[in-house]
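The values are calculated or read from the model by the stated rules, or taken from the named source; none is laboratory data. Model, not experiment: these values are computed from the prediction. A quick note on method: Cβ atoms are made from the backbone with ideal geometry, for glycine too, and the neighbour counts reach across all protein chains shown.
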Amino acid sequence: MKHIDLVEIMNDSAYLQKDVTVCGWVRTSRDSKNMAFLELNDGTTLKHLQIVIDKNVIADPSEYMKLGMSWAVEGTVVPSGVMADSVEINAKKITVLGTCPPEYPLQKKRHTLEYLRTIPALRVRTNTFNAVFRVRSVVSAAIHEFFQSRHYVYVHTPLITASDCEGAGEMFRVTTVGVEDGYKTQAEADENDFFGRRAALSVSGQLEGEVAAMAFGKIYTFGPSFRAEKSNTPRHVAEFWHVEPEVAFAELPDIIEIAEDMIKHIIRTVLEKCPSELKFFDAHFEKGLIEKLESVANNDFAIMTYTEAVEKLLASGEKFQYPVYWGCDLMTEHERYITEQICKKPVFLTNYPKEIKSFYMKQNPDGKTVAATDLLVPGVGEIIGCSEREADLDKLLDAMQTRGMSMDEYEDYISLRRFGSVPHSGFGLGLERIIMYVTGVQNIRDVILYPRTVGSIS
Ligand code: 4AD
Ligand code: MG
């Protein structure tokens, strides 16, 4: 259907006084004696375009004016009668594409996010979701742009895996075996399963990413990861989008620099490409959001060791639900206190106790900590998990042995340390978490099209 995007008409004065066809859904309507006014939105912009109907041209437009109806309108683009720098369309002909009954679940009032979650197929038509998903799209493109312009190879790692990267007990099984198959033991069932052994959805593309980085030097993945953790929080979904660069010849300070540059590139891009969306979020979701993002883009992030953070938490006098001690796994309440109260900006927390981190992280000379870092940001907490990888064969084998891991399953991974091992590092960024941070939207369920969470799939 030949038509012009509303965003084009609004941003390009060349359309003034031209006849055009536009399409969209009715967002508001107002009827008066001789004229009728409608606001149309086609999803290409947050703004609605006013359609002016002269009843001498189109008699009795009331049938067209129902909320949620979809239209094609032919008419002339003219300067807005009320808003400076704005245009409207004097309608000559209206074609109804789809009608919409009065019980349309999206009414003109502001609905709560909780209510909107119950109508996932329609909530995307609201201003909030229009803005969230445009930002999500711009952020995704900015991520590709960042890595593509720096010689990274975009690789696609498998989603079905036989290795349990690091998420013991947190993986979704992939199986074609059912109760009706009647196998007596799990081992028997596994043997007769599709792959002839146990398989699961991947929690991370990192291990395969390391394989690729040892060939292409710098790689990144950008795809879904799956976690069966039963954390019913505003920050966890069972299926999330994961950005995982892996960089040969990079040590911890190098990868920290890359992560900081990437976050700043994302934020600058959103500031540049989504000004009206950010204004909307600043007004309705987080006061001061734009100022926050500008400050983050233009200032250094903090860097603090885990040990120092624990000391500061203990000295803070703050009552936490979970106790703080050296060796504890920091909880969201601790992470947020560190970034929101102590640092008041994004902070890379470094050198965690090795017992609470993964087997593949580089062991520090102190024998107690690993060269890992999490990026914590105010309002959200952890958005990046990062580390230098253990490049020494013996140390890696030792860490795997301590954790009782099966060496056979990781032969490919281990062999990277045999054949020309090099220092290398990587990180994982949760796409939904960075979207929450740049929009101020507080629940992860509201930044993904169909959230999958424990006990809920629709
Ligand atoms: O810290 P994580 O578990 O690290 C890894 O998976 C590493 N293999 C990454 C790497 O070094 N290549 O996860 C990385 C990030 C987290 O910081 C968080 O932003 C996001 O992934 N994430 C989740 N996002 C939404 N829902 C969940 N359940 C998430 N789990 C992790
Ligand atoms: Mg983590």
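Just give me the residues in the stretch 369-416 being in contact with a strand residue (DSSP E or B) (Cβ under 6 Å, 6 or more places away or on another chain), of a type outside the set (S, T, N, Q) and closer than 17 Å to Leu429 by Cα, in sequence order.
The answer is Ala372, Asp374, Leu375, Leu376, Val377, Glu382, Ile383, Ile384, Gly385, Cys386, Glu388, Arg389.
Could you check, for the stretch 417-424, whether at least one of its residues is away from ligand 2 (no atom under 15 Å from the Cβ), closer than 30 Å to Glu277 by Cα, aromatic (Phe, Trp, Tyr) and assigned to a loop (DSSP other than H, G, I, E, B)?
Just the residues of the stretch 417-424 that are away from ligand 2 (no atom under 15 Å from the Cβ), to begin with: 417-424.
Retained after the next criterion (residues that are closer than 30 Å to Glu277 by Cα): none.
Taking every residue of the stretch 417-424 in turn, none turns out to be away from ligand 2 (no atom under 15 Å from the Cβ), closer than 30 Å to Glu277 by Cα, aromatic (Phe, Trp, Tyr) and assigned to a loop (DSSP other than H, G, I, E, B).
Which strands (runs of 3 or more DSSP E) does the stretch 25-97 wholly contain that include 3 or more residues that are without any contact (Cβ under 8 Å) to a residue 24 or more places away in the chain and touching a strand residue (DSSP E or B) at 6+ places or on another chain (Cβ under 9 Å)?
Because the criterion is at least 3 residues that are without any contact (Cβ under 8 Å) to a residue 24 or more places away in the chain and touching a strand residue (DSSP E or B) at 6+ places or on another chain (Cβ under 9 Å), the strands (runs of 3 or more DSSP E) in the stretch 25-97 that meet it are 35-41.
What's the number of the only condition in (1) farther than 17 Å from Val26 by Cα; (2) modelled with pLDDT of 95 or more; (3) not acidic (Asp, Glu) that Val57 fails to meet?
(2)
Before we move on, is Ala283 free of Cβ contacts under 8 Å to residues at least 24 places away in the same chain and closer than 20 Å to Val447 by Cα?
Here the answer is yes, as Ala283 does meet what is asked.
Suppose we filter Cys328, Cys343 for residues that are on the phi < 0 side of the Ramachandran plot, crowded, with 20+ Cβ neighbours inside 10 Å and more than 15 Å from ligand 1 (Cβ to nearest atom); which single one remains?
Checking each option against the conditions leaves just Cys343.
Quick grid of which residues meet (1) closer than 30 Å to Leu278 by Cβ; (2) of a type in the set (Gly, Ala, Ser); (3) out of contact with any helix residue (DSSP H, G or I) (no Cβ under 8 Å at 6 or more places or on another chain); (4) surrounded by fewer than 18 Cβ atoms within 10 Å (Cβ to Cβ):
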position	(1), (2), (3), (4)
Val57	no, no, yes, yes
Tyr64	no, no, yes, no
Ser70	yes, yes, yes, yes
Asn90	no, no, yes, yes
Cys100	no, no, yes, yes
Glu114	yes, no, yes, yes
Val124	yes, no, no, yes
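Can you pull out every residue in the stretch 408-436 that is crowded, with 18+ Cβ neighbours inside 10 Å, more than 10 Å from ligand 1 (Cβ to nearest atom) and in contact (Cβ under 8 Å) with a residue 40 or more places away in the chain?
Scanning the stretch 408-436 gives Tyr410, Tyr413, Leu416, Pro423, His424, Ile435.
I'm told Thr269 meets every condition in (1) surrounded by fewer than 22 Cβ atoms within 10 Å (Cβ to Cβ); (2) farther than 30 Å from Tyr450 by Cβ except one. Can you identify the failing condition by its number?
Of the numbered conditions (1) surrounded by fewer than 22 Cβ atoms within 10 Å (Cβ to Cβ); (2) farther than 30 Å from Tyr450 by Cβ, the odd one out for Thr269 is (2).
What's the number of the only condition in (1) out of contact with any Phe, Trp or Tyr (no Cβ under 9 Å at 6 or more places or on another chain); (2) assigned to a loop (DSSP other than H, G, I, E, B) that Lys395 fails to meet?
The failed condition is (2).
Identify, please: which residue in the stretch 230-267 is within 15 Å of ligand 2 (Cβ to nearest atom) and of a type in the set (S, T, N, Q) and is, among those, modelled with the lowest pLDDT?
Ser231
If I ask for residues that are among the aliphatic types (A, V, I, L, M) and part of a helix (DSSP H, G or I), which ones from the stretch 398-415 would you list?
Once the filter is applied, which keeps residues that are among the aliphatic types (A, V, I, L, M) and part of a helix (DSSP H, G or I), the stretch 398-415 yields Ala399, Met400, Ile414.
Among the listed residues Ala372, Ala315, Ala391, which satisfies the condition of being out of contact with any Cys (no Cβ under 6 Å at 6 or more places or on another chain), loosely packed, with under 15 Cβ neighbours inside 10 Å and of a type in the set (A, V, I, L, M, F, W, C)?
Criteria check complete, one pass: Ala315.
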